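Here is the structure we will look at.
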Amino acid sequence: MRKCFVPICLLVLMIVSAACSSENSSGKESTTPPQEITYASTSDAAGLSPIDTNDSVSSNVTYQVYETLFTQDPETMEIEPLLAESYENPDDNTWVIKLKEGITFHDGTPFNAEAVKYTFEQLKDPDRAAPRASLLAPIESIEVEDENTVVLNTEEPYGPMLAALSHTNAAIVSPTADQEGDINKEPVGTGPFVFDEWVEGDHITLTRNEDYWRDPAKLEKVTYKVVPEFSTAISMLETGEVQFIDAIASDHINRVESIQNVEVQKTEGTRVSYLGFNMEKEPFNELAFRQAVAYGIDQEAYVSQLNDLGIDNESIIGPNVFGYQEDAKEKGYAYNPEKAKQLIEDNGYAGQEITLFAANRDNYMKMAEIVQSQLSEIGLNVSIETMEWASFLESARKGDYEMTFLGWSNSTADGSELLYPNLHSDNIGSSNYARYENSEFDKLVQESRSSVDQEVRKQKLHAANLIAMEEAPWIVMNHGIVTAAYDASMEGLIVDPTGKWSLYPVSR
């Protein structure tokens, strides 16, 4: 009896253990999820290099693969060191940044001051034409003091420096990977996830970085799935094929909120969505025409259709962005169709043919359809042209449009990093899609960037904001509410007011 006791017990334990691992009390298979998630996006990434891209779809991927010197706490938005260890300012024009030691890129290249210098010089290189070169425009030179110390020298004080260095497009890339390969197709950073594959138009896969310099991520695999129809993405969330979606269109929010075992986050954000004019084409470069359009658009009617996912405020700098002042809200062109019709009649714009250029994303399509209807009512002949996201961005950057819809998530939550890249003449041909140029505006924005006195910066930004509102290269459609919906099994996800999220703390 004694000899058979042990194997019988082991057999019983094995049977019980197998039953427990495969069935629950109701006899169904266990619902313990794998440490994997699938995120659905209606558009594919434009690229996977932080130097060469500037869109939120791409940043959602690059933010998991690459890292910046500094980062913003997603709850407080306070700036904290990440790849940097510390910094000091021996004077207003010098930033001495100590780097964390012992970190390597995914390809084994050491992370050091040379890598930082290389990345920043690439971002600033006019020949590379990085879309967010403006982030580092005030930096005159980059010096390697020693292996773990980099010195940034500016021509004049640069108030938003730490905010700029925490921006996803200022992430540090592997010099080896950039020189020997194509990081826009095969990214190599220091982050918690490693690039696995990109099947364009279908999916991007990342896997856990087992050699990460902090504790490894909890998730083992992340898949970015391209699902062109948002309603399909919601169905996939409902069935469990997808665990995470964000940027939920207003038409879909009620349906998403009704799904069982799905959590929804909604937060007032920093994003601004706008109708922009190409200021290098007629009659879009004429103030009277832009005023007629501005008077003819009823933003409140648009926002009222967003199911509480938008804020009606004509100020370009939004309420959650540094530099906003309350009185800017009343300085725009209030809806006045009669005034719009009068301007059209007085200036010979009646019947003017306009093409509204829009990316094939739900929010921009909704804007285009509403604006088409409203502008038709004031006597303009309006059509809509749509295009897939990456091609749309390329065409818009080249100025191949008349009027278009775009947005800016403002991932630093700083007004100067809204006005400078988007409307300063330095950035015509890159991030200034409207091709707007005004010397007084430029001067004020530059002064807001070159002061370290935050009150002075606030006043300069307000004055610049009022000029842009009066000249109307943009008509603000709404300021956004950041949204995300995810399977209840996911824990640790925080979407900050800029719409940015990290999967490093997430588990299932």
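Figures for the structure shown
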quantity	calculated
Unmet requirement for E455, which otherwise passes all of (1) closer than 21 Å to R397 by Cβ; (2) free of Cβ contacts under 8 Å to residues at least 40 places away in the same chain; (3) of a type outside the set (G, A, S)	(1)
Residue within the stretch 314-329 that is part of a helix (DSSP H, G or I) and in contact with a Phe, Trp or Tyr (Cβ under 8 Å, 6 or more places away or on another chain) present	no
From E210, E186, E220, residue being without any contact (Cβ under 8 Å) to a residue 12 or more places away in the chain, under 24 Å from F111 (Cβ atoms) and of a type outside the set (A, V, I, L, M, F, W, C)	E210
Test: residue in the stretch 98-121 that is at pLDDT 95 or above, surrounded by fewer than 21 Cβ atoms within 10 Å (Cβ to Cβ) and under 19 Å from D426 (Cβ atoms)	yes
Checklist (1) within 30 Å of D127 (Cβ to Cβ); (2) surrounded by fewer than 23 Cβ atoms within 10 Å (Cβ to Cβ); (3) at pLDDT 95 or above applied to S43, failing item	(3)
Residue identified as open to solvent by 10 Å² or more (accessible area, probe 1.4 Å), within 29 Å of G407 (Cβ to Cβ) and charged (D, E, K, R) among D91, D52	D52
V482 under 21 Å from F230 (Cα atoms) and either among the hydroxyl-bearing types (S, T, Y) or surrounded by 24 or more Cβ atoms within 10 Å (Cβ to Cβ) (or both)	yes
Close pairs from the stretch 142-159: first at pLDDT below 95, partner outside any strand (DSSP E or B) and surrounded by fewer than 16 Cβ atoms within 10 Å (Cβ to Cβ), Cβ under 6 Å, at least 6 apart	P157/D92; P157/V452; G159/V452
Any hit, the stretch 180-188, residues being among the aliphatic types (A, V, I, L, M), modelled with pLDDT of 95 or more and farther than 25 Å from Q122 by Cα	no
Some residue of the stretch 459-479 being at pLDDT below 95 and either farther than 24 Å from L162 by Cα or surrounded by fewer than 22 Cβ atoms within 10 Å (Cβ to Cβ) (or both)	no
V293 being in contact with a Gly (Cβ under 9 Å, 6 or more places away or on another chain), among the β-branched types (V, I, T) and at pLDDT 95 or above	no
Subset of the stretch 65-88 [open to solvent by 80 Å² or more (accessible area, probe 1.4 Å), of a type in the set (D, E) and under 22 Å from W501 (Cα atoms)]	E75, E78
Residue among A133, A129 that alone is out of contact with any Gly (no Cβ under 9 Å at 6 or more places or on another chain) and open to solvent by 10 Å² or more (accessible area, probe 1.4 Å)	A133
Of all residues making up the stretch 443-458, the number that are surrounded by fewer than 20 Cβ atoms within 10 Å (Cβ to Cβ) and assigned to a loop (DSSP other than H, G, I, E, B)	2
Counted residues, the stretch 88-104 - those being of a type outside the set (V, I, T) and part of a loop (DSSP other than H, G, I, E, B)	5
Residue in the stretch 61-71 that is part of a strand (DSSP E or B), over 18 Å from the mean Cα position of the chain (by Cα) and farther than 20 Å from S507 by Cα present	no
Pairs with Cβ under 6 Å, 6+ apart, first in the stretch 368-390 and more than 17 Å from Q305 (Cβ to Cβ), second open to solvent by less than 30 Å² (accessible area, probe 1.4 Å) and part of a loop (DSSP other than H, G, I, E, B)	W389/S43
Pairs where the first residue, in the stretch 493-507, is polar (S, T, N, Q) and the second is in a loop (DSSP other than H, G, I, E, B), C-beta under 7 Å, 6+ apart	T498/S409; T498/N410; T498/S411; T498/A413; S507/Q35; S507/K218; S507/L219; S507/G492
In the stretch 459-508, residue farthest from Q243 (Cα to Cα) [restricted to those that are in a loop (DSSP other than H, G, I, E, B) and among the charged types (D, E, K, R)]	D496
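Residues are listed down the side, and each one gets a yes or a no for (1) over 23 Å from the mean Cα position of the chain (by Cα); (2) among the aliphatic types (A, V, I, L, M):
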{"residue": "I253", "(1), (2)": "no, yes"}
{"residue": "Q265", "(1), (2)": "no, no"}
{"residue": "N285", "(1), (2)": "yes, no"}
{"residue": "D298", "(1), (2)": "yes, no"}
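The values are calculated or read from the model by the stated rules, or taken from the named source; none is laboratory data. This one's a predicted model, so the numbers in the text were calculated from it and none came from an experiment. Virtual Cβ from ideal backbone geometry, glycine too; neighbours counted across all protein chains shown. Areas reflect the complete protein model, heavy atoms only, side chains present, ligands, DNA and RNA absent. Shrake-Rupley method; radii C 1.70, N 1.55, O 1.52, S 1.80 Å.
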